[in-house]
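K.L.:
Got a structure here, written out as structure tokens. Questions coming.
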Amino acid sequence: MESLKIAMLAPEFLPNWGGAGTYTILLARELSKKDDIHVFTTLRGSGQASSVREIENYFDGRLKVHILSTAKDRFFYNGIYQLNVARRLPVLLEKEKFDIIHSNHAHMPDLVLKLRKVPGNSITTVHTTVFSQYQGIKRSAGYFGHMDGSERMVRFGYPFLNVLERYYLSKTNNMIFVSDFIRRDVERILGGAAPRGIVVRNGVDLDRFTNLAAADAGRKLNIMYCGRLLALKGLNNLMEAFAMVHKTNPETHLTLVGGGDAIQWADTARSSGVPDGTITFLGQKKHEEMPGIINTADIFVLPSISESMPLSLLESMACGRACVASKVGGIPEIITHGKDGYLTKPGDSKDLADCLNALVRDPTLRTEFGRRAREKIVRHFSLKDTVRQTREMFISVAGEA
């Protein structure tokens, strides 16, 4: 099969703000070089994606964009999108004769299609589960005031979302799991072996994410976090840990990259004992900007309470950064503790501070961790391999129709 016609259901696309959106953008970019890609998405009306033309131009006109709804929040927009998928997609499926319908979980974009039993060769990439998100959010319950709207909706809507997730996964015949952890999580939810599926780990564009420059010896040592500003990401622990690090190593600075309530987290840092002027919030950045931003870091930190296969960690390791991350979810599948990074106990600010301090004080160790990290990503986490394995799954499923 030389070329595939693929419908990609992507409520999170451009402008991207999370891992699932970035994954879909990268997959669409690479597949569109050979295949006929149609992306069904939402319009957020800002920045690089305020119209269909701007989105299509971003991909040099190689794919077709269909807008199903608009989005102004991070939670309720998805339900509206699901309904519009059910209302509009069956007609297009009949007209376009797609070989594959691709979706991402935990968005469940084709949930209503499954309820209506609409036929089609569907494949779902499982990035996370509502269950794992809920468990992480519940562990962050002591920081309820820091939860954003989407976290609170999962926290209190979990009984209903759990039922929907069980149904959705039970009706999904073909799955791609981004980590062994996610595969086990799905099997726990289903109460047995998952349907047909393979583990295809997230991959990094190795040409773009590389070690571009050595750290500037004339500036403060930069510890960097990249991700949404959420309680689930362990930012409370990061603020507490950085206060300890800065107390013993005052020539350190913390940089946070990602969307969210920076004012709230700045207040948290202050109440945790972090001195003013030692933290910078860069806000949400385009994915194209991230290689240059990551290369300004000396240490990358990801203190999450729940994760599956975080792209920000993979990209930072590809850039040769020394990394510290929580021992949760799929992260132990990426970092070997003490060899190419440090794994810390989730929710343990002291353990996090100790690991950060060890790297702050030892530039040779930082360099060695970074070198080994880059080597591991090149061997096991390249975007080319991710796309190749994913497309092979697409061909296999399409060929059985």
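Values in this text are rule-based calculations from the coordinates and carry no lab data. Note that this is a predicted model, so its numbers are computed, not measured. We place every Cβ from the backbone using ideal geometry, glycine too, and count neighbours over all the protein chains shown.
K.L.:
Can you sort Asp36, Asp99 so the residue with the fewest Cβ neighbours within 10 Å comes first? Can you show the working numbers first?
P.N.:
Working: Asp36 17, Asp99 21.
Sorted ascending by nearby Cβ count, the order is Asp36, Asp99.
K.L.:
Could you line up Val154, Val130, Val112 from fewest to most neighbouring Cβ atoms inside 10 Å?
P.N.:
Details: Val154 20, Val130 23, Val112 17.
The order, fewest Cβ neighbours first, is Val112, Val154, Val130.
K.L.:
Pop a pseudo-label 7 angstrom from the Cα along the beta-carbon direction at both Leu365 and Gln264 and give the gap in nm to one decimal.
P.N.:
Label at Leu365, label at Gln264, 3.4 nm between them.
K.L.:
I need the shape label for the chain. Rule: rounded when a/c is under 1.5, else prolate if a/b > b/c, else oblate, with a, b, c from the alpha carbon gyration tensor. Display every interim value, and only then the final one.
P.N.:
Details: a/c = 1.79, a/b = 1.59, b/c = 1.12.
It is prolate, given that a/c is not under 1.5 and a/b is the larger ratio.
K.L.:
Now, a different point. Under a 5 Å amide H to amide H cut-off, with H placed in plane at 1.01 Å, what residues pair with His66 once short-range neighbours are removed?
P.N.:
Here Val39, Phe40, Thr41 satisfy the definition.
K.L.:
Roughly speaking, what is the centre-to-centre gap between segment 285-340 and segment 264-279 when only Cα atoms are used, to the nearest Å?
P.N.:
23 Å
K.L.:
Does segment 153-238 come out rounded, prolate or oblate by the C-alpha gyration tensor, with a ≥ b ≥ c the root eigenvalues, rounded set by a/c under 1.5 and, if not, prolate when a/b is larger than b/c and oblate if not?
P.N.:
Details: a/c = 3.89, a/b = 1.75, b/c = 2.22.
It comes out oblate by the Cα gyration axes.
K.L.:
Enumerate the calculated ³J(HN,Hα) couplings along segment 153-162 in order (Karplus 6.51 cos²θ - 1.76 cosθ + 1.60, θ = phi - 60°), each rounded to whole Hz, writing x wherever the residue is Gly or Pro.
P.N.:
Couplings: 5, 5, 4, 9, x, 4, x, 6, 5, 5 Hz.
K.L.:
Take every Cα pair under 8 Å in segment 221-380 that's 6+ residues apart, average their separations, divide by the length, and report that relative contact order as a whole percent. Can you show the working numbers first?
P.N.:
Details: 306 pairs, mean separation 40.0, N = 160.
After rounding, I find 25 percent.
K.L.:
Each label point is 7 Å from the Cα along the Cα-to-Cβ direction; what then is the distance between the points at Lys33 and Ala358, in nm?
P.N.:
Those two pseudo-labels are separated by 3.9 nm.
K.L.:
For the Cα atoms of the chain, what angle does the longest principal axis make with the long axis of helix 235-248, in degrees from 0 to 90, nearest 10?
P.N.:
20 degrees
K.L.:
Here's a follow-up. Find which of Thr255, Ser349, Ala322 sits farthest along the positive direction of the dipole of segment 221-380, computed with +1 on the beta-carbon of Lys and Arg, -1 on that of Asp and Glu, about the Cα centre.
P.N.:
It is Ala322, whose Cα lies furthest towards the positive end.
K.L.:
Right, next: In degrees, nearest 10, range 0 to 90: what is the angle between the Cα axis of helix 76-96 and the longest Cα principal axis of the chain?
P.N.:
Compared with the principal axis, the helix lies near 40 degrees.
K.L.:
How far is helix 130-139 tilted, in degrees, relative to the longest principal axis of the Cα atoms in the chain, given as a value from 0 to 90 rounded to the nearest 10?
P.N.:
On a 0 to 90 degree scale, this one is about 20.
K.L.:
Still on this model: Tell me, what is the percent relative contact order of the chain, built from C-alpha pairs under 8 Å that lie six or more residues apart? Provide the component values of the computation, followed by the final result.
P.N.:
Details: 746 pairs, mean separation 60.4, N = 401.
Normalised by residue count, the contact order of the chain is 15 percent.
K.L.:
Which of these, Leu365, Leu230, Leu302, has the largest mean-square fluctuation under a Gaussian network model of the chain (Cα springs below 10 Å)?
P.N.:
Leu365
K.L.:
Still on this structure: Per 0.36 nm of contour for each residue apart, how much would the distance between His380 and Glu2 grow if the chain were fully extended, relative to their Cα-Cα spacing? Don't skip to the end; give the middle numbers.
P.N.:
Details: separation 378, 0.36 × 378 = 136.08 nm, distance 2.65 nm.
Full-extension gain reported as 133.4 nm.
K.L.:
Let me ask another. Among Cys226, Cys323, which comes first, second and so on when ranked by fewest other beta-carbon atoms within 10 Å?
P.N.:
Values: Cys226 24, Cys323 29.
Lowest to highest Cβ neighbour count: Cys226, Cys323.
K.L.:
Looking at segment 221-380, what % of the alpha carbon pairs are farther apart than 23 Å? Working shown, then result.
P.N.:
Values: 3606 of 12720 pairs.
Taking all Cα-Cα pairs of segment 221-380, the fraction more than 23 Å apart is 28 percent.
K.L.:
Now, a different point. Going Cα to Cα from Lys72, which aspartates and glutamates come in below 19 Å? Please leave out same-chain ones fewer than 8 positions away.
P.N.:
Cα-Cα hits under 19 Å: Glu12, Glu54, Asp148, Glu151, Asp261.
K.L.:
Given a Förster radius of 45 Å and the C-beta distance between Tyr167 and Glu288 as r, what FRET efficiency does 1/(1 + (r/R0)^6) yield to the nearest 0.05?
P.N.:
Values: r = 38 Å, r/R0 = 0.84.
Efficiency, from the Cβ-Cβ distance: 0.75.
K.L.:
While we're here: Please list the non-local residues whose amide H lies under 5 Å from the amide H of Ser326, H modeled 1.01 Å from N, same-chain partners needing a gap of 5 or more.
P.N.:
Amide H neighbours of Ser326, under 5 Å, 5+ apart: Leu302, Ser304, Thr344.
K.L.:
Would you look at the GNM of the chain, springs on alpha carbons closer than 10 Å, and say which of Ala325, Ala194, Ala358 moves the most?
P.N.:
Looking only at Ala325, Ala194, Ala358, the largest GNM fluctuation is found for Ala358.
K.L.:
Further, regarding this structure: Students often check this: by mean Cβ neighbours within 10 Å, which of 273-284, 372-383 ranks highest, and how do the rest follow?
P.N.:
Numbers: 273-284: 14.2, 372-383: 18.5.
Peptide ranking by packing, descending: 372-383, 273-284.
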